[in-house]
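Working notes, structure below.
The values are calculated or read from the model by the stated rules, or taken from the named source; none is laboratory data. Treat the numbers as computed from the prediction; the structure is a model and nothing was measured. Please note: Cβ atoms are built from the backbone with ideal geometry, for glycine as well, and neighbour counts cover all protein chains shown. Surface accessibility is based on the protein's heavy atoms, side chains included, excluding ligands, DNA and RNA. Shrake-Rupley method; radii C 1.70, N 1.55, O 1.52, S 1.80 Å.
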Amino acid sequence: MRNGPVGQYLVEKKLITEAQLQEVLAKQKETKGKMFGDVIVEMGFITDAQFAEVLAERLSIPYIDLDNTELIPDVVKKIPEASARKYNVIAIEKMGKRLTVATNDPSNFYVFEDLRVITGCNVRPVMATKAALNRAIGRVYSQGQVDSVVDEATKEKEEELNLDEIDLSSDRVENAPIVKLATAIVENSFRQDATDIHIEPFKDITRIRIRVNGDLIELMTLSPALHVSLVTRFKILSGMNIAEKRVPQDGRMSQVVDGTTIDLRVSNLPMVYGEKVVIRILAGDNTVRRIQDLGMTDYNYERFVSCLKVPQGVVLVTGPTGSGKSTTLYAALGEIAKPNLNVITVEDPVEKKIANINQCQINEKAGMTFGAALRSILRQDPDIIMVGEMRDTETAEIAIRAAITGHLVLSTLHTNDAASTVTRLVDMGVEAYMVATSLIGIVAQRLTKTLCPECKKPRMSTPEEEKLMEIDHSIMVYDAVGCPKCKNTGYNGRTAIHEILLATPRMQILITGGAKADEIAELAKEEGTLLLRDNISKLVQQGVTTIDELVRVTYAV
């Protein structure tokens, strides 16, 4: 398959223009040896799934969505793991002597000839994306490996090989059981879409739990004999002092999982039976999401974008820890950061590295506080400033003065709803008139779990539930059940709900007069703010989430 016909076929299908095709071909010549599909996807003209579907159609072979296909371990294992990773293929189905194999390079007949010799079967190729293949290979071949790694590490401990004396950072021990165990923990957590990994020491066991969709679930339990070695491994990788075991430490590391480089933020805290390690899995550098992908309703999206169009002032995103505030701020920066603007962020820590944005990392020990950084940033000729969090009066005052003097400031604050954000700022010591004159808008947000579409169970709502949703008639609602697809949780993923308060002239007068949170909320509702409860009620009525989630997320709001 030559590059030209595929590119021309994409033009015929109106997926790209002739000019874009020439641009891709020119770029491919520069990269020397890179496949046409990889180049066009990297340039962002089409997605990898679109390219795979078109190539499959061009070659008259089926396209398969591996992320939503149930793979049979016995069939997958027909191809040894080494060969699967080498050729980036995975076995899907076996009928008699015919083996169906997913690949992202169906024209490479040498690979299929090699697979025919290895498996003793005739190979029928189907098309899949490179990323989906990496994920599927990692997911299926890793099952069962963790147990053997744990057994190996435990056995080595029992043989009294003192791993503490081995240099766990050196290349020669990459195959040491404890090293493989640390790698396997991160890999398996990432494949289960976990956001955090907790390594917890107790008297008789070390428990490893992961947070998936906001809930902690157990990943595995280990012998306490392995705990020190495992913690030491993570401390070395994240740049901590391994000799210091009495005070908390923070670090950072990265790891490649199924072809994706993931950043990990590591926190270490001494406990009664040893050191507890919590690892936050941060998205890779290239995964800044767009505002449209955050789950905002069209109505809220319009209100939010109207805030970002104002050239100076403060836009605040509020909510508890882990409610997606940073993700929303990064999405907002992606929307407004233009080549003609100087965008500077001050964060603790920098969670995602974004191209063309100046990002500043807080270092309390060195005296690099939010206040010190902000004062310096104001001398760096900024247009837009993002402050990771308004933690104290000094930070809040400097940020608000920056907004009053002609900058757009984006920041976060920990409050329960949009209205109480104003009173929190005043309580922190910022004058009410300064809050009123600088404020553009406040976005309060929460994350709510979304139902698994495969197993959700319909029923009619009860009068109590109708009262919660503020409706006067019975409707169809859904309960979470649980199936293998959603790991028996009943939920699959999360979405955000928002409450957006705009600082209108009437609102500014009210804030200047020192109004309480309930008065601000009353006026906001009158001026069109949909509360968190209103937003999640709509999701329940649409069958996206459950009444249980409505109560959990908005019970105190």
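Summary table
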item	result
Long-range HN-HN contacts of ILE90 with modeled amide H, under 5 Å	ALA102
Residue-wise HN-Hα coupling along the range 329-340, computed from phi with Karplus coefficients 6.51, -1.76, 1.60 (Hz; x: Gly, Pro)	5, 4, 4, 5, 4, x, 6, 9, 6, 10, x, 8
Between helix 109-119 and the chain: long-axis angle, C-alpha atoms, 0 to 90°, nearest 10	70 degrees
Convex hull (Cα only) mean projected area of the range 1-118, reported in nm² to one decimal	8.1 nm²
Cβ crowding within 10 Å averaged over residues, with 254-263, 466-475 ranked highest first	254-263, 466-475
The chain: relative contact order as a whole-number percent, Cα under 8 Å and 6+ apart	9 percent
FRET efficiency for LYS77 and SER254, using Cβ-Cβ distance with R0 set to 35 Å, rounded to 0.05	0.70
Value in Å of the Kirkwood radius, where the range 411-463 supplies the Cα pairs that are averaged	14.5 Å
Fraction in percent of alpha-carbon pairs per bin - 5 Å, the range 370-417	5, 23, 36, 23, 9, 3, 1
Cα shape, the range 61-122, gyration tensor, a/c 1.5 rule	rounded
Residues whose placed amide H lies under 5 Å from that of LEU530, excluding near-sequence neighbours	ILE500
Per residue value of the accessible surface for the range 386-496 (all protein chains in place, 1.4 Å probe), Å²	44 Å²
0 to 90° range, to nearest 10: angle between helix 3-12 axis and the chain longest Cα axis	50 degrees
Residue-averaged 222 nm ellipticity for the chain, from DSSP H runs of 4+ at -39500 (n - 2.57), nearest 500	-11500 deg cm²/dmol
For the range 57-67, 3J(HN,Hα) per residue [Karplus equation, 6.51 cos²θ - 1.76 cosθ + 1.60, θ = phi - 60°, Hz, x = Gly/Pro]	5, 4, 8, 6, 10, x, 9, 10, 8, 5, 5
Solution diffusion estimate, µm²/s, Stokes-Einstein, the chain, Kirkwood Rh from C-alpha pairs, 10 °C, viscosity 1.306 mPa s	59 µm²/s
Accessible-area value, ARG459, 1.4 Å probe, nucleic acids and ligands omitted, Å²	70 Å²
Calculated on alpha-carbon atoms, Rg and Dmax of the range 385-515 in Å	20.6, 56
Ordering of 238-245, 38-45 by packing [mean C-beta count within 10 Å, highest first]	38-45, 238-245
Tally of Lys pairs whose C-alpha atoms are under 23 Å apart, taken over the range 386-517, 8 or more apart or cross-chain	10
Tensor-based shape of the range 347-461 (alpha-carbon gyration tensor, a/c under 1.5 rounded, otherwise prolate or oblate)	prolate
Average Cα contact separation per residue, the range 383-538, under 8 Å, 6 or more apart, as relative contact order %	24 percent
Hz values of 3J(HN,Hα) by residue in the range 204-221 - Karplus curve (6.51, -1.76, 1.60), Gly and Pro given as x	10, 9, 10, 9, 10, 10, 10, 9, 10, 6, x, 10, 7, 10, 6, 8, 6, 10
Distant-in-sequence amide H partners of MET368 (H built 1.01 Å from N, under 5 Å)	ASN363
Cα shape, the range 277-379, gyration tensor, a/c 1.5 rule	oblate
Highest to lowest packing among 63-69, 87-93, scored as the average C-beta count within 10 Å	87-93, 63-69
Largest-first ellipsoid semi-axes for the range 199-305, taking √(5λ) over the Cα gyration tensor eigenvalues, angstrom	34, 16, 13
Between 0 and 90°, nearest 10: helix 227-237 axis offset from the chain longest Cα axis	80 degrees
